[in-house]
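**Student:** Questions regarding the structure given below will be posed in turn.
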Amino acid sequence: MTTLLTVKNLKVSYPTRTGVIEAVRGVSFTLGKERLGIVGESGSGKSQTGRAIMGLTPPHGIVTADTLDFNGIDLLSAPAKQRRLLRGKRIAMVLQDPKYSLDPVMSIGRQICETLRTHEKVGKGEARDRALAMLEAVQIRDPQRVFDLYPHEVSGGMGQRAMIAMMLIADPELLIADEPTSALDVTVQLDVLRIMDRLVSERGMGLIFVSHDLRLVSSFCDRVIVMYAGKVVEELKASELRNAQHPYTQGLLNCMPQIGENRHPLPVLDRKPEWAA
Ligand SMILES: Nc1ncnc2c1ncn2[C@@H]1O[C@H](COP(=O)(O)OP(=O)(O)O)[C@@H](O)[C@H]1O
Ligand SMILES: [Mg+2]
């Protein structure tokens, strides 16, 4: 399998008045045209990992790595302009809540067209046709109508599908989806994930799927890395989740409820200080 992304010893830290916050502390993994899940509880450094790859670490954050390579491009030494060109065109990111990612004062169709025209020389007519086709691909039933709507006029699920359409319109090679459905109802969640999953397979893209939900991740990914306190504590095939070795992963698995199971008392996830060492 060709390697899309190589991450070796990635670190992200934030100097503050009271000391340095180490958000990511030496994360390593490689990614081909496959679906990789990153799981871990809130604050474990998942988003900071995704943002560092995307080049969206806030300016006061410090990113270092032994290797941060995307298709032969050294992301750490790439000039800002090159990284900007990569973003959206070759690496795209879907965030948790479409409300904050879509521009509230621009119609959905126009946003998708503008994204496309930022990255490719296409005329207005062609951009519109491709945006409509993309809205259809994310299973929006009436693309013509939705094209002219503003983000506040659509439901959360439709907004997130529009967001996915916008991220995939320029045909990126790598999609980073950071808790893409956590803000949605459970029923809508699965629809949106299925659409994303199908598009990723059809287009032969690499996917990094970030979530705190181990079960969701393992049902959508080939491989899973488990993060705790800024580090990878375990990497395993999604199909081999049951054989997880690390007590944190086992704890996450144990905390997932099973229908029909007696849960008294509820299990508590014990965290050991040495996991973060
Ligand atoms: N801009 C920032 N300045 C300082 N610390 C930050 C900043 N952004 C995130 N962090 C810290 O980085 C850690 C990891 O955050 P994050 O990657 O967002 O976690 P996750 O996505 O796994 O919930 C957290 O402890 C958070 O407080
Ligand atoms: Mg996060």
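**Student:** Looking at region 43-67 only, could you name the residues that are more than 16 Å from ligand 1 (Cβ to nearest atom) and within 16 Å of Leu4 (Cβ to Cβ)?
**Tutor:** Thr67
**Student:** Which of the residues belonging to region 207-252 are charged (D, E, K, R), farther than 23 Å from Lys272 by Cβ and surrounded by 17 or more Cβ atoms within 10 Å (Cβ to Cβ)?
**Tutor:** Arg223, the sole residue that qualifies.
**Student:** Let me ask something else. Can you tell me which residue within region 18-42, out of those that are near ligand 1 (Cβ under 6 Å from one of its atoms) and within 15 Å of the chain's Cα centre (by Cα), is farthest from Ala276 (Cα to Cα)?
**Tutor:** The extreme case among them is Ser42.
**Student:** For Arg17, state whether it is surrounded by fewer than 19 Cβ atoms within 10 Å (Cβ to Cβ), without any contact (Cβ under 8 Å) to a residue 60 or more places away in the chain, closer than 30 Å to Ala183 by Cβ and charged (D, E, K, R).
**Tutor:** When the stated conditions are applied, Arg17 does not pass them.
**Student:** If you don't mind, another one. Tell me which residues, restricted to region 58-81, are surrounded by fewer than 20 Cβ atoms within 10 Å (Cβ to Cβ) and either within 14 Å of Ala23 (Cβ to Cβ) or within 16 Å of ligand 2 (Cβ to nearest atom) (or both).
**Tutor:** Across region 58-81, the qualifying residues are Pro58, His60, Gly61, Ile62, Val63, Thr64.
**Student:** Could you say which residue among Arg141, Arg161, Arg194 is within 30 Å of Gly43 (Cα to Cα), among the basic types (Lys, Arg) and not assigned by TED's automatic domain parsing to the domain that holds Glu41?
**Tutor:** Numbers: Arg141 fails: within 30 Å of Gly43 (Cα to Cα); Arg194 fails: not assigned by TED's automatic domain parsing to the domain that holds Glu41.
Result: Arg161 is the single residue among Arg141, Arg161, Arg194 that is within 30 Å of Gly43 (Cα to Cα), among the basic types (Lys, Arg) and not assigned by TED's automatic domain parsing to the domain that holds Glu41.
The values are calculated or read from the model by the stated rules, or taken from the named source; none is laboratory data. The structure displayed is predicted, hence computed values, not measured ones. We place every Cβ from the backbone using ideal geometry, glycine too, and count neighbours over all the protein chains shown.
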